[in-house]
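Trainee: What follows is a structure written as structure tokens; I'll ask about it next.
The values are calculated or read from the model by the stated rules, or taken from the named source; none is laboratory data. Here the structure is a predicted model, which means the values were calculated and not measured. Here Cβ is always computed from backbone atoms with ideal geometry, including for glycine, and neighbour counts include all displayed protein chains. What goes into the accessible areas is simple: the full protein's heavy atoms, side chains included, and nothing from ligands, DNA or RNA. Shrake-Rupley method; radii C 1.70, N 1.55, O 1.52, S 1.80 Å.
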Amino acid sequence: MIKNEDHIDLEKQRLLELEDYFNEKFKKKINKVLFINPPDVDEKIFDFKIAKRGRANNYPSYGIGVLANQLRKLNYKADVLNVNHEVLKKVYHHEDRNEFDYLKVWQDIIYDRIKKFKPDLIGVSCLFSVTHNSFKKTCEIIKNGFNIPIILGGVHVSHDPKGVLSDIKNFDIALLYESDLALPNLLEIINKEKDISDIAQFAYRSKNKKIEVFNKRIVPDGHTMSVMPAYDLMDISNHSLYGTIGSWHGALGANKKVSTCQSNRGCRAQCTFCNVRTYHGKTVRHKTVDSVVDELLCLQNDYGIEHIVWLDDDLLKDEKRTINMFNEMVKRNVKLTWDATNGVIAHSLKKIEVVDAAYQSGCIGLHVGIESGNPEILKKIRKPGTVDTFIAAS
């Protein structure tokens with residue numbers, strides 16, 4: 001059994017080794033950070049014809065857009081490169097699929113942006129495991145062309161840091177979970193403005209090739225979260241021109257400008273198949289209603305967006321707040337239509353007031369998370385609903 005003092009000594013040794021690692025990797029202060037979202041899929045499963053028809057997914061890089069703005073508030077310089085979006089833009093303007101070199105196209109896109117922005121640190125994010133191969137290849141491309149430190153992050157890495165990072169050789173450090181506070185905290189440590197003992201939500205490969213994880217978390221509250229993404233860096237008006245966002249594009253008509261928005265993070269449910277609680281924790285944290293409506297008006301008035309897809313995993317969590325937010329959208333003349341492609345929890349649809357407020361604020365459709373009509377399966381997967389709940393919601 002390890003005694004408490006032995007544990008303290010081991011932790012102190014880990015911190016000393018990490019401090020040596022930082023001194024070796026970071027020879028100058030970090031001021032400019034480039035955030036990169038890789039292509040959704042690698043060249044083995046990329047389908048030119050689907051992309052050409054505008055039917056490939058093309059979601060904006062919402063999370064790294066938020067991080068970019070969090071850093072800019074602290075006087076860092078930041079840029080956002082959504083490689084998936086830029087590739088689909090190239091496909092849109094390219095006629096011959098036989099002459100379209102997918103891998104070279106997105107390698108050149110990355111090289112050009114790095115040469116132009118000249119970052120001190122490059123952050124590469126990954127949301128889903130289907131993106132793992134292009135995520136890995138993005139890191140390879142960066143390391144082959146530039147001697148710039150790479151930091152990894154996102155849901156995919158956070159869900160299994162040791163497994164994912166063991167497969168990616170070309171990275172330097174990683175941040176886990178939501179990084180609104182953890183990233184500025186890390187940059188201050190690297191820049192020697194904070195002590196190494198403040199490290200949180202962090203992983204790296206030590207000298208003995210072991211993936212070391214520091215599990216302390218710094219969870220952003222609603223006030224911290226109430227920051228809109230750096231839309232001016234994201235070509236936000238054109239995502240739906242080159243690809244698909246959400247499930248309801250068929251109901252929107254041609255050329256309607258679509259984007260995304262988020263009003264809260266987390267989910268009350270404990271479904272066994274889902275990692276939202278692993279990433280966001282056990283609570284649902286809300287952005288302020290004013291900040292959400294301000295963001296919607298910015299999308300509408302500054303970027304010409306006409307429809308939004310909510311990214312929330314539990315959009316209707318707080319009934320009173322939900323009705324207030326939808327009513328505020330009407331009151332402040334938000335003219336956007338919206339959908340909840342991610343789905344909502346059926347229990348939240350039990351009152352007509354919620355549904356009516358949603359309709360009045362522009363809802364054209366939503367998915368209800370059901371998963372199964374078998375009561376025993378619903379219990380096994382810990383789904384927060386019953387067959388009766390689902391029928392009542394419909």
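Trainee: Having 2 or more residues that are open to solvent by less than 20 Å² (accessible area, probe 1.4 Å) and within 19 Å of residue 237 (Cα to Cα) is the bar; report the helices (runs of 4 or more DSSP H) wholly within region 1-111 that clear it. Steps first, please.
Mentor: Numbers: elements: 4-25, 48-52, 62-73, 83-92.
Helices (runs of 4 or more DSSP H) meeting the threshold: 62-73, 83-92.
Trainee: Filtering region 197-224 down to residues that are surrounded by 15 or more Cβ atoms within 10 Å (Cβ to Cβ) and more than 27 Å from residue 285 (Cβ to Cβ), which residue is nearest to the chain's Cα centre (by Cα)?
Mentor: Checking each candidate, the answer is 204.
Trainee: Kindly indicate whether residue 315 is closer than 24 Å to residue 244 by Cβ, in a helix (DSSP H, G or I) and open to solvent by less than 80 Å² (accessible area, probe 1.4 Å).
Mentor: Values: closer than 24 Å to residue 244 by Cβ: yes; in a helix (DSSP H, G or I): no; open to solvent by less than 80 Å² (accessible area, probe 1.4 Å): yes.
Here the answer is no, as residue 315 does not meet what is asked.
Trainee: When region 196-220 is examined, which residues are found to be farther than 15 Å from residue 183 by Cα and touching a strand residue (DSSP E or B) at 6+ places or on another chain (Cβ under 7 Å)?
Mentor: Within region 196-220, 205, 206, 211, 212, 213 meet the criteria.
For (1) in contact (Cβ under 8 Å) with a residue 24 or more places away in the chain; (2) touching a Gly at 6+ places or on another chain (Cβ under 9 Å); (3) open to solvent by less than 20 Å² (accessible area, probe 1.4 Å), each residue gets a yes or a no:
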site	(1), (2), (3)
240	yes, yes, no
244	yes, yes, yes
259	yes, no, yes
264	yes, yes, yes
268	yes, no, no
289	yes, no, no
293	yes, no, yes
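Trainee: Now, a different point. For region 295-312, how many residues are outside any helix (DSSP H, G or I), closer than 20 Å to residue 225 by Cβ and free of Cβ contacts under 8 Å to residues at least 60 places away in the same chain? Full working, then the answer.
Mentor: Taking region 295-312 first, the residues outside any helix (DSSP H, G or I) are 304-312.
Among the residues that remain, those that are also closer than 20 Å to residue 225 by Cβ are: 308-312.
Now drop any that are not free of Cβ contacts under 8 Å to residues at least 60 places away in the same chain, which leaves 308, 310, 312.
Number of matching residues: 3.
Trainee: Looking at (1) of a type in the set (Val, Ile, Thr); (2) within 28 Å of residue 100 (Cα to Cα); (3) touching a residue at least 40 places away in the same chain (Cβ under 8 Å), find the lone condition where residue 33 falls short.
Mentor: Checking residue 33 against (1) of a type in the set (Val, Ile, Thr); (2) within 28 Å of residue 100 (Cα to Cα); (3) touching a residue at least 40 places away in the same chain (Cβ under 8 Å), the one that fails is (2).
Trainee: Go through 216, 282, 207 for me and flag whichever is part of a loop (DSSP other than H, G, I, E, B), of a type in the set (D, E, K, R) and in contact (Cβ under 8 Å) with a residue 60 or more places away in the chain.
Mentor: Result of the check over 216, 282, 207: 207.
Trainee: Sticking with this one: If we scan region 163-184, do we find a residue that is open to solvent by 30 Å² or more (accessible area, probe 1.4 Å) and touching a Pro at 6+ places or on another chain (Cβ under 8 Å)?
Mentor: Taking every residue of region 163-184 in turn, at least one turns out to be open to solvent by 30 Å² or more (accessible area, probe 1.4 Å) and touching a Pro at 6+ places or on another chain (Cβ under 8 Å).
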